[in-house]
Amino acid sequence: MKTKILIALVVISIVISLGTINSFAAGNIEMDIQGQTTVKEIEKTVELILSLGSFTEIEEGIPLGYQGTLTYDENLFSGITVEGLNGWTVNYENSTKVFMGEIDVAKENTQIAKITLTIKDGIANGTSGKVSFSNILLTDGTNDFTFNKEVTVTVENNTSEENNNQNQENEETNPPEETNEESESNKETNSNVSTNSSSIQGSNTDKTTASTKQLPAAGLRNVLIIAVVIITILMVIFKIKSRDIKY
C-alpha cells in the first residue's frame with residue numbers, strides 16, 4: 001500500500017515538473033542587433049543597435065538584465081564605446097570583453113544599447129571585420145534566454161562615387177565642343193533659314209507692288225463710267241428741250 005502511494009506521489013511530482021518546464025519554455029523574448037554592414041573609407045565610426053523584440057508569454061514592466069561577451073576584430077577597429085538607450089543601464093569592460101545591462105521596467109520592441117566602434121586609419125578597400133555578441137544571457141529572474149549574434153562590417157572604396165561627381169563637375173564647367181559635322185549642319189540649317197526668309201520677304205514685296213499698280217486703273221475706269229452717264233443724261237435733256245422749242 002505504501003509502495004503504491006509512493007509511486008503515485010512520484011508520478012504527480014514528475015507531471016507537475018513537466019508542466020512547469022513547459023510553461024517556462026512557452027515564454028520568449030526576442031533580441032536583435034542591427035546597424036551598418038558597409039562603410040566608406042572616409043568614415044571613422046560604425047554604429048550598431050541592440051534591441052528587444054516581441055515578448056511572448058512574458059509581461060511587460062518587469063525587471064530585466066543581461067550579460068555576455070562582446071568582441072570585435074581589432075585589425076579593423078581600434079576601440080569601442082557603449083551607451084544605454086531608453087532607460088537601460090549598460091556597461092562594457094574592454095579588458096574582459098564583458099557586456100552587461102539592466103532595467104527595472106522592461107518594454108518590448110525597444111532599443112536598449114548603442115555600440116559605436118572606431119575604425120582604424122589606413123584600412124584598405126574590401127577589408128572586413130566581425131563584431132560578435134556571444135552567450136548573451138537575458139533573464140527576468142525566472143526565465144532565462146541565451147543569444148549569440150554576429151555582424152560583419154566591410155570597408156568599401158568610394159573612388160567610383162568621387163569619379164562620377166568629378167565627371168559631372170567637368171561636364172558642367174566645360175560643355176562639349178561642336179564637331180565639324182555638327183558645325184557644318186548648323187551652317188546649312190542657318191543658310192536654309194536665311195534663304196527661306198528672303199523668299200518670303202520677296203513674295204510679300206511683289207504682292208504689295210501689284211496691289212499698288214491696280215488702284216489707279218480702277219479709279220480711272222470709274223471716272224470714265226460716271227462721265228459717260230452724265231453726258232448721256234445731258235444729251236437726253238437737250239433733246240427734250242429742243243423738242244419743246246420746236247413745237
Pair list, Cβ under 8 Å, 6 or more apart: segment 118-136 residue at positive phi, other residue aliphatic (A, V, I, L, M): GLY126/VAL155
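Determine whether segment 147-155 contains at least one residue that is among the charged types (D, E, K, R), at pLDDT 90 or above and open to solvent by less than 100 Å² (accessible area, probe 1.4 Å). Let's see the steps before the verdict.
Of segment 147-155, the ones among the charged types (D, E, K, R) are 149-150.
So of that shortlist, the ones also at pLDDT 90 or above come out as 149-150.
Keeping just the survivors that are open to solvent by less than 100 Å² (accessible area, probe 1.4 Å) gives 149.
Yes: one or more hits.
Going by the conditions given, is LEU70 in contact with a Ser or Thr (Cβ under 9 Å, 6 or more places away or on another chain), at pLDDT 95 or above and within 17 Å of ASN148 (Cβ to Cβ)?
In short, yes.
The values are calculated or read from the model by the stated rules, or taken from the named source; none is laboratory data. Predicted, not measured: the structure shown is a model, and the values here were computed from it. Quick reminder, even Gly has a Cβ in these numbers, built from the backbone with ideal geometry, and neighbours come from all protein chains shown. Just so you know, the surface numbers come from the protein's heavy atoms only, side chains and all, with ligands and any DNA or RNA stripped out. Shrake-Rupley method; radii C 1.70, N 1.55, O 1.52, S 1.80 Å.
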